[in-house]
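Novice: One structure follows; several queries about it will come next.
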Amino acid sequence: MAAKFTGTGVALVTPFHKQGTIDFGSLEKLIEHTIVNKVDYLVVLGTTGEAATLSKDEKNAVVGFVKDVVSKRVPIVQGVGGNNTQEVVNQLSSNDFEGIDAILSVTPYYNKPTQRGLYLHYKHISSASPVPVILYNVPGRTSVNMKPETTIELATEFENIIGVKEASGSLSQIMEIIRNKPRGFLVISGDDGITLPLIAAGADGVISVVANAFPLTFSKMVRAALKGQFEEARKLHYQLLPVIDSLFADGSPGGIKAALETMKLVQNHLRLPVVKVNKAAQNTIAGFINELKENGIEC
């Protein structure tokens, strides 16, 4: 199981037409772009996929479409989370997870649970989930930080909780998890820009935003780092770092959709309350992408 989710996962965007409907043609193009360029797995209905703005029917349609297009070529992780524990449990009990290899479940947002509340939330999810569970800690979006001791407690007590996507941005916190985790428990970077140092510290890979646009180069960097080939990994890391930083300068997923439009992969349309990045940010992103192409950096 750990091997399935070691390396580079891609947090897929959800492409939209100008009128706001889902652009399944562009979604298929993006899926092929990432798989052909050697990513290890795909993540659907995450934050980058604007899942919060999709209806239940749209979510089901996106998941079904992704499963059909992927056709078991790479593992698929589905985002299933929320701040109502019982509603998440209901989804896990009633939805069809055939063809889904794991779920990614974000910490509850807005209601700011205690560490005990987080533990009990995931205990219920573990009991209800028909597939393995990857925890997702992203305090910058949820306003609650799952502390290392809570992550370790969950990892130790529940066999089907197989990993954590850590987007706290705290190297010391993530290294504490790596130091104390049970054998086989995955620690996955949730921040593209610090993936290299986290792998050097013992992390297992990344769920990436930039890999929507640069799957080949970014996954090369991750594979090199996992093999201990840090000179090669550093070279690729520093080549991509400026564009990675630019993607988040005026909000995400606005940045990655601006990049994908520059690369003629996806139209730059989002659903409110998320909006396009400002013109200066868009020009910066386009400039970095053109510079990478001129320097022979592969997508």
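Just so you know, all these numbers are worked out from the coordinates, no wet-lab data involved. Quantities reported herein were computed from a predicted structural model and do not represent experimental measurements. Counting neighbours? That spans all protein chains shown, and the Cβs are built from the backbone with ideal geometry, glycine included.
Novice: Can Glu159 be described as of a type in the set (Asp, Glu) and touching a residue at least 24 places away in the same chain (Cβ under 8 Å)?
Specialist: no
Novice: If you scan segment 240-258, which residues turn out to be surrounded by 19 or more Cβ atoms within 10 Å (Cβ to Cβ) and closer than 16 Å to Val274 by Cα?
Specialist: Taking segment 240-258 and keeping what is surrounded by 19 or more Cβ atoms within 10 Å (Cβ to Cβ), we get 240, 243-244, 246-248, 250, 253-258.
Leu247, Phe248, Asp250, Pro253, Gly254, Gly255, Ile256, Lys257, Ala258, listed by residue number.
Novice: Tell me yes or no: at least one residue of segment 43-57 is in a strand (DSSP E or B) and within 27 Å of Ile161 (Cα to Cα).
Specialist: Yes; the residues of segment 43-57 include at least one that is in a strand (DSSP E or B) and within 27 Å of Ile161 (Cα to Cα).
Novice: With the structure loaded, tell me whether Tyr110 is aromatic (Phe, Trp, Tyr) and either touching a Lys or Arg at 6+ places or on another chain (Cβ under 6 Å) or on the phi > 0 side of the Ramachandran plot (or both) or whether it fails that test.
Specialist: Numbers: aromatic (Phe, Trp, Tyr): yes; either touching a Lys or Arg at 6+ places or on another chain (Cβ under 6 Å) or on the phi > 0 side of the Ramachandran plot (or both): yes.
Yes, satisfied.
Novice: Could you check segment 241-299 and list, in sequence order, the residues that are free of Cβ contacts under 8 Å to residues at least 40 places away in the same chain, among the hydroxyl-bearing types (Ser, Thr, Tyr) and touching a Ser or Thr at 6+ places or on another chain (Cβ under 8 Å)?
Specialist: Residue satisfying the conditions is Thr284 alone.
Novice: I'd like the residue in segment 1-49 that is under 25 Å from Glu159 (Cα atoms) and among the small types (Gly, Ala, Ser) and, out of all such residues, is surrounded by the fewest Cβ atoms within 10 Å (Cβ to Cβ).
Specialist: Here the answer is Ala3.
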